[in-house]
Structure formats: C-alpha cells, structure tokens
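Notes follow the structure.
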Amino acid sequence: MSHHTAKDSYTSLNERLNRFPMGAPPSETLYKILELLFSEKEAGLVAQLPLKAFTVKTAAKIWRVSELEAAKILDELASRAILLDMDYKGEHKYVLPPPMAGFFEFSMMRTRGDVDQALLSELFYQYLNVEEDFVKKLFLGTETRFIKTFVNESVLAGDNLVQILDYDRASHVIKTAEHIGISTCYCRHKKHHLGTACDAPMDICMTFGHTAASLIKHDYARKVDVSECLDLLQLAYSENLVQCGENVQEGVNFICNCCGCCCEALVAAKKFGMMHPVETTGFLPDVQSSCTGCGLCVKACPIDAIKMTQDKVEDSVYNLTDSGNDKRHNQFAKVDESICLGCGVCVRNCPRNHIKLKSREKEIITPVNSAHRIVMMAIEKGQLQDLIFDNQAFHSHRAMAAVLSSILKLSPVHRAMANKQMQSKYLERLIRMMT
C-alpha cells in the first residue's frame, strides 16, 4: 500500500470525490467531516477506488493487498454506510456514493455511538448552510438537477390524472421497488442535534433498490413492504411534506419527505428561488377567481411561493359568502410561478377547492436512470472524461465515447446545443441499451 500523510490522504479523498459530477468543494470544515467519517488509512485507500461499482478483486489489485484483506476493509466501510455493497448480475460489488445524496446522509440515518453525531451535525450545518459553496455546487452546478419534486397525488384529478407519467408518481416508485428501506431523516436528525428540528415525522426517509438493500443489511434502514411504505407516503401528505427524490425515470434510489424548515433541498429552493435548485413537477397551482383570501395556502407552502395580494382594480375578486351575499375581498392568494415547485401542497390545504393544478408550459426532461443523469451532468460540467477514462464505462460503445469526447471540444454555445440534442434523443436510447 502506498504511504500517505494525514493531509495527503484527506486531500486525495477530496480529489476523488470531485471526479464525480456531484463533488465536494474543499474547506477546513469538509476535512473535519471526512476525519470523523474516515480514518487516515481509510481515506487514502478510498481515494484510489474507481467511480463505478467494483469487486473485491478490483480493490485488491488497486491496493496491492490480498483479496481477503481487501474484503475485510470493504466490509468494514460498508458496515458504516461509507460504501454501498450489492449483488449485481451474480457478482458482489461495492460503490462509493457521492457525499449527497450519499454517505453524508447515511451517517445520520440512524442513532449511532461510533461517531459524534452532535459534532457532525454542527459541521454539516457549517459546510452546507453557512459556507454554501457545497450547496451551490450540488444544486446549481449543472443544468440537470439531481433531485426532482413529486406531485402530491392526492390532489390530482381530471386531465391531470391522465397526463401524469408513472415515473412522476411517488406511489409508482414504491410499488415497483425491489427493496424498500425506511430510515431516520438526515435533515431533521441534524436539526435535532442543533436544537432547531420541527415536529414533522422523523422516521420517514425512503430508499429503494440496491441502496435500500445495503442500508437494510447494515441496519441503517428498516425493511418495509409496499403497503407500509404507501401508508408512510399518506402520512407525509397529511403533514404537508414534499416528496423530493432522485431525478430519474427508472431505478429511483431515494425519496425524501421534506419540510421547508429542516430539509436541505427545500431550504435551497427557498434561498435560490427562480434558479430552481430542485427540478419542478409538470404542474402549477391555478388560483381560481373564487378565492376567499383565507391564507391557509400561504401557511402551507413550504418554500414561500404564495403571497396574499392586496386588493387592486386589476386583481379584485368577488366571491359568494356562506350567507349568499356578494362581498368584495381585499386580498387573495397569488402564486409566484417562477419559484413554485408544483408540489400541490397548497391545493390540498385549500378548504374550498379554490386552487386547481394546471400543466406547466415548460417541458420537464427527466433522465432515464442514474447513468443517464450522471453523464448529462458530467457533460455540463466538462467532466465526462473522468467517467470515460476512470470507469471504462463505454468500452463496448466506442462510437459513443467518440461522440461524447467531441462534445467537450465544442464552444460553450455549441456544446449546450449538442447536450440538449443528446438529452432528448440519442443519449436516452443508448443509455437504455447499455443498462
């Protein structure tokens, strides 16, 4: 094994994390986080791991140790949810997830005594909420967002029920998942240690597929069936929580049930507004002229996208009161469509059904799966070569590698144009063939 000083080990690990499109900008706070989660030796070893899933044999070869020793190290890291381990096509493999959504969250998804979670919470708050470089890179670093909003299905009606696609339904993700795990919400657990958590349900974080299987195996998630998970989804609806999940059509790995006060995605949505750090749904709320101005939707909106507007000539609304008399109201709800997520929470909270959902004019492009999304994000960040040369992901598709590498040589304007072409047509078809 090659020798690393402590500083070199954590610096190398940080460089490894930043070869992935969702990296982690270096800072003293980040290094303190990494020191809590990784030993010096572990940091040096993990820094050498490939980006894609790998076997014990691969790790042993990279580290120049026996497969028995490599397996012991990998299993220890997986037991702490630093790595995910999975059985894939007859092989047992490991993968280092990005910090978020990944091992940052996993570290707080259960109560544990092997790491100082109170200190870790303070460091996460400093790194994510005070320094902000990481959050800006995470949510705004690429045009393709890694998290999307799911609409509250309980308010869908009429044409909306026909128009919504299966992959935009949280219930469909749940019903088709191979494995389902429920864990403690990272965001509210962190805020709990800081003394600022809200009273929204804590044990309601949902993971699926290989991610869930690994977290369940190592007691970072509780295995549940479809019925219980659907019940938890209904609980989330009743608590006005917003479903934010992996921005893919197939193989969604997680859905978080987010509040506007604790959860990083919605905090970012409030802070960065019209930049849409979280991908929206295909819907927007449409306030009807019958709005009574009760203000319940304003209180319910998790990102402050609805305001009460004072009576103006052009904004006046007339309404029939319960007594049957006409009455002019001097305020009514107005949606800021430039920042609205289209979650539908406001519709659920309107006591007289004066808010409906309408289709959003903007076309929402959802990547096929995680591989598709990562490639798109890498193109947008100019990091595609890291995926191609590190992962060897396209060796059976050399034409694809040539096309993608040529995109990186285009001018920014032409690269953006080519990227949109790839997103909507060629890349989507090829990714489906590859996975």
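Summary table
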quantity	calculated
Subset of the range 233-248 [of a type outside the set (Ser, Thr, Tyr) and either in contact with a Pro (Cβ under 8 Å, 6 or more places away or on another chain) or loosely packed, with under 14 Cβ neighbours inside 10 Å (or both)]	234, 235, 236, 239, 240, 241, 242, 247, 248
Yes/no for residue 370 being buried (at least 19 other Cβ atoms within 10 Å of the Cβ) and modelled with pLDDT of 85 or more	yes
Residue within the range 4-14 that is closer than 27 Å to residue 210 by Cβ and either touching a residue at least 40 places away in the same chain (Cβ under 8 Å) or outside any helix (DSSP H, G or I) (or both) present	no
Odd one out for residue 65 among (1) within 29 Å of residue 194 (Cα to Cα); (2) in a loop (DSSP other than H, G, I, E, B)	(1)
Per-region count, the range 79-115, residues part of a helix (DSSP H, G or I) and either over 21 Å from the mean Cα position of the chain (by Cα) or of a type in the set (Ser, Thr, Tyr) (or both)	1
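The rows are residues; the columns are (1) over 18 Å from residue 97 (Cα atoms); (2) of a type in the set (S, T, N, Q); (3) not in a helix (DSSP H, G or I).
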residue: 181; (1), (2), (3): no, no, yes
residue: 192; (1), (2), (3): yes, no, no
residue: 204; (1), (2), (3): yes, no, yes
residue: 220; (1), (2), (3): no, no, yes
residue: 237; (1), (2), (3): yes, no, no
residue: 240; (1), (2), (3): yes, yes, yes
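The values are calculated or read from the model by the stated rules, or taken from the named source; none is laboratory data. Just so it is clear, the structure is predicted and the values come from calculations on it, not from any experiment. Positions of Cβ are backbone-derived with ideal geometry, glycine not excepted, and every protein chain shown enters the neighbour counts.
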